[in-house]
Amino acid sequence: MRRIGVTVDGVRYEHEVEPRLLLVHYLREVLGIGGVHVGCDTSNCGACTVLMDGESVKSCTILAVQADNHEITTVQGLARDGEWHPVQRAFHEAHGLQCGYCTPGMIMASVSLLKENPDPSEEEIREGLEGNLCRCTGYENIVKAVRMAAERSGERAAAS
Amino acid sequence: MRVVAPDVGGGFGSKLNVYAEEALALALARRLDRPVKWVEERSENHLATTHGRGQVQYIELAATAEGKILGMKVKLVADMGAYLQLLTPGIAIFGSFTYPGLYNFDAYSFECVGVFTNLTPTDAYRGAGRSEAAYAHERAMDALARELEMDPAELRLRNLIPPFTGPTANPAGVMYDSGDYEACMRKALELADYEGLRAEQRRRRESGSVRQLGIGIGNFTESGGLSPSKVAAGVRLQSGGWEAATVRMLASGKVEVVTGTSPHGQGHETAWAQIAADSLGVSPDDVEVLHGDTAVAPLGRDTYGSRSLAVGGVAVHLACGKVVEKAKKIAAHMLEAAEGDIEFAGGRFSVAGSPERGVTIQEVATAASLAADLPEGMEPGLHESHVFDPPNFTWPYGTHICVVEVDTETGKVTIPKYVAVDDCGPVVHPAIVEGQLHGGITQGIAQALYEKAIYDESGNLLTGTLVDYLIPGAPDVPSFILDRTEVPSSTNPMGWKGIGESGTIGSSPAVINAVIDALSHLGVRHIDMPATPMRVWQAIQEARGREAGERTSGHSAQS
């Protein structure tokens, strides 16, 4: 067992964990964060995507001990003061989800994508979300949602 | 037994079944006298739920030299897998209604042999039976067009069933509900700029471009709105095809809608709230839709076969109608007027001729709940149920046009343009309809270009994970150009048809027809799904080889 200290969605946690425990299992089973999904067991689908120190990672590809002293953000930590994150709002308004299973990972990957590239083209969005699979939407409205979020933050930046 | 299944994630067919593991979990819970949780892993899901399609299809068309189809003969060998699941043998039979597609002809024969194999059982998968049918008839139409040296769009237009508004028998003997197929197809051709595409295709052929252009048409109908109970009984389904709804107006004026459908991404909470709001004249925000728990919604047949709106949504609408009917009696009593003089509009009952005398339906709901002053003998409360058993299927239809670029050096296929014109009758929520089409088309494209269940010689599944089974990602699929026509169904009072499976049914034939069309001048006539770069490249090499062989043998004959 190893002792780790992780900040998840702004809360500091300390736990004894097995070195082989995957971060996704730590988040779901130890911390009870159900918004992190397991979709494939093979690191293909991206449903478990979270941010580690602001950058997207598939939480099934890293161990909980690797998150020691790092900051993790899940979809449950995106809202601020009861307000949805702009990407969450855009997914809602653009009908960017149907069954919702891929959505937490898709949103986290999109947040990370927009941080790297605040004004991505449709093609750049599609490339940027390559690691996240969706079976319901055909990606069309997910791409639309990311564009919507980008345009709004562009407008905000221009206004400020 | 109580089943709680909210937000279960996408189903696409495999969640229709009752699996052995579910029964085992119950048996274990009983034996151990404690809760048992069973979690299926992705590889178990691939291996031990159900697979789709799995047919060898033989289709023959008889036609005149002018391209008038006279008859169709279909023979199928359908893989049942190792065990029969819920609907396994029914899938191919269900498809037998729709092999004639949108076309009119006299003679039709259908034969199917189901074979047991040592593979994963097949069962319903989005488009079940009808995807297979559309694939076969549309491939055959293109083959016929090539044989007759006729444009494939022109051939189709010559054979469409003329516009009709009420039940009309198709060549397979089932009754289509309504349709104006030509209007739909012409709209799609125009939207795609079909003539312009053919001109571009000619240019690329003449210049010997590495990137050849192909145009594929997928005309189809799907039988939605499963299903009239009599038909279900006729195929020994052992399950009625009705759907139930209860609408309760509470004392507060808020509305609860209980539905037997089981949304898992189709947006019933949104659409059913709209239906109730429209019928009752209240705000959709005041409607709560309850589902997914047999303790709350004990009656219903579930969500499958593009049935939820056309059967379950209609049940909601008709239950609302009963609520309004009862509310009208109470309103007449409250307004001291004859029931025949009461008008209902915008959620308000008023007396004909003196519109200032009125009560809202919410006020009636409160009065019905307080029950202090109701018409003599009336039961308190404002809640009604309706069970709708449709008299026929619904028959949504559409024309999909897929444009592909095929790299003749690598065999890679890309889709620069995809147009879909669909008719699902009047639309309740346009964004949901579009979303269903986006996802459905993508699933059909995936079937045509990417996905395949591969087994080794001993029947071991080699594609048991998402590493081996290629579900397309965002860069692998195009953006879609969608449009609609709107011919109401004659099957239900709202004219609704459903849209859940249309995208999947229209897209696979459109994509493969496009790929073959891009290469037909090279002599390519057939490529099996999925048209992977390797298969496409091999088809090109084989066609070139055949042509070279024919040239050589021609020489030797002359010399």
- Note on the structure: With chain B reduced to its Cα atoms and the Debye formula applied, log10 I(q)/I(0) at q = 0.08, 0.09 1/Å amounts to -0.60, -0.74
- Would you mind giving the mean number of other chain beta-carbons within 10 Å of the Cβ of each residue in B:265-276, as a whole number? 1
- Ratio of Rg to Rh for region B:423-494, alpha carbon only, Kirkwood? 1.17
- The Cα extents of region A:43-160 along the principal axes, largest first and rounded to whole Å, are 41, 35, 27
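For the protein assembly as shown, report the % of Cα-Cα distances exceeding 43 Å.
Every Cα pair in the protein assembly as shown considered, those over 43 Å come to 33 percent.
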- Once amide H atoms are placed 1.01 Å from N in the peptide plane, what residues at a sequence separation of 5 or more from residue B:219, or on another chain, have their amide H within under 5 Å of its amide H? B:400
- Task: Could you work out, residue by residue across B:435-447, how many beta carbons of other chains sit within 10 Å of that residue's beta carbon, and then give the average as an integer?
- Result: 4
- Note on the structure: Computed over chain B: longest principal axis from alpha-carbon atoms vs helix B:502-519 long axis, angle to nearest 10 degrees, is 10 degrees
- Item | Length released on extending from residue B:70 to residue B:452, taking residue separation times 0.36 nm less the Cα-Cα span | 134.1 nm
- Message: I'd like the mean, over residues of B:462-472, of how many other protein chain beta carbons sit within 10 Å of each residue's own Cβ.
- Response: 3
- Just order A:27-33, B:175-181, B:547-553 by mean Cβ neighbour count inside 10 Å, highest at the front, would you? B:175-181, A:27-33, B:547-553
- Using a 1.4 Å probe, how large is the accessible area of residue A:84, given in Å² and rounded to the nearest 10? 130 Å²
- Task: Go through B:230-240, B:357-367 and give me the packing order, highest mean Cβ count within 10 Å leading.
- Result: B:357-367, B:230-240
- Query: With axes computed from alpha carbons, what is the tilt in degrees of helix B:20-32 against the longest principal axis of chain B, rounded to the nearest 10 within 0 to 90?
  - Reply: 50 degrees
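Based on the Cβ-Cβ distance from residue B:551 to residue B:154, what FRET efficiency comes out when R0 is 30 Å, to the nearest 0.05?
It comes to 0.40.
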- Note on the structure: Per DSSP, the loop-located GluC sites (Glu not before Pro) within region B:95-152 having at most 15 other beta carbons within 10 Å are B:149
- Item | Of the trypsin sites (Lys or Arg not before Pro) in region B:28-106, those whose Cβ has at most 10 other Cβ within 10 Å and which sit in DSSP loop | B:37
- For peptides B:187-200, B:502-515, sequence by mean Cβ density within 10 Å, most packed first: B:502-515, B:187-200
- Probe 1.4 Å, all protein chains in place: accessible area of residue B:110 in Å², nearest 10? 60 Å²
- Alpha-carbon Rg/Rh ratio, for region B:99-223, with Rh computed the Kirkwood way: 1.04
- Sort B:322, B:412 by accessible area with a 1.4 Å probe, largest first. B:412, B:322
- Using a simple charge model, +1 on the beta-carbon of Lys and Arg, -1 on the beta-carbon of Asp and Glu, nothing else, what dipole does region B:1-120 show about its Cα centre, in debye to the nearest 20? 320 debye
- Task: Give me the percent of Cα-Cα pairs in region B:239-388 that sit more than 23 Å apart, rounded to a whole number.
- Result: 36 percent
- For the pair residue B:203 and residue B:32, how long in nm is the line joining their label points, each one 7 Å along Cα→Cβ? 6.8 nm
- Task: Report P(r) for region A:21-86: all Cα-Cα distances, bin width 10 Å, range 0 to the bin holding the largest distance, values in whole percent.
- Result: 22, 56, 20, 2
- Could you tell me the accessible area of residue B:409 in Å² (1.4 Å probe, neighbours in place), rounded to the nearest ten? 130 Å²
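Kindly point out which whole DSSP H helices in chain A project their C-alpha atoms 15 angstrom or further along the helix axis while averaging a Kyte-Doolittle hydropathy of -1.0 or above.
A:103-116, A:140-159
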- Message: Can you tell me what share of the DSSP beta bridges in the protein assembly as shown is antiparallel? A percent to the nearest 5 is fine.
- Response: 75 percent
- Query: Using r as the Cβ-Cβ distance of residue B:336 and residue B:252, and R0 as 30 Å, what FRET efficiency do you calculate, to the nearest 0.05?
  - Reply: 0.75
- Plugging the Cβ-Cβ distance of residue B:56 and residue B:385 into 1/(1 + (r/R0)^6) at R0 = 35 Å yields, to the nearest 0.05, a FRET efficiency of 0.15
- Measure nothing but the geometry: give the 0 to 90° angle between the long axis through the Cα atoms of B:181-192 and the longest principal axis through the Cα atoms of chain B, rounded to 10°. 60 degrees
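The values are calculated or read from the model by the stated rules, or taken from the named source; none is laboratory data. As the structure is a computational prediction, the values presented were derived from the model and not from experiment. Positions of Cβ are generated from backbone atoms using ideal geometry, with glycine treated the same way; all protein chains shown enter the neighbour counts. When the accessible area is computed, the model is the full protein with side chains, heavy atoms only, and any ligands, DNA or RNA have been set aside. Shrake-Rupley method; radii C 1.70, N 1.55, O 1.52, S 1.80 Å.
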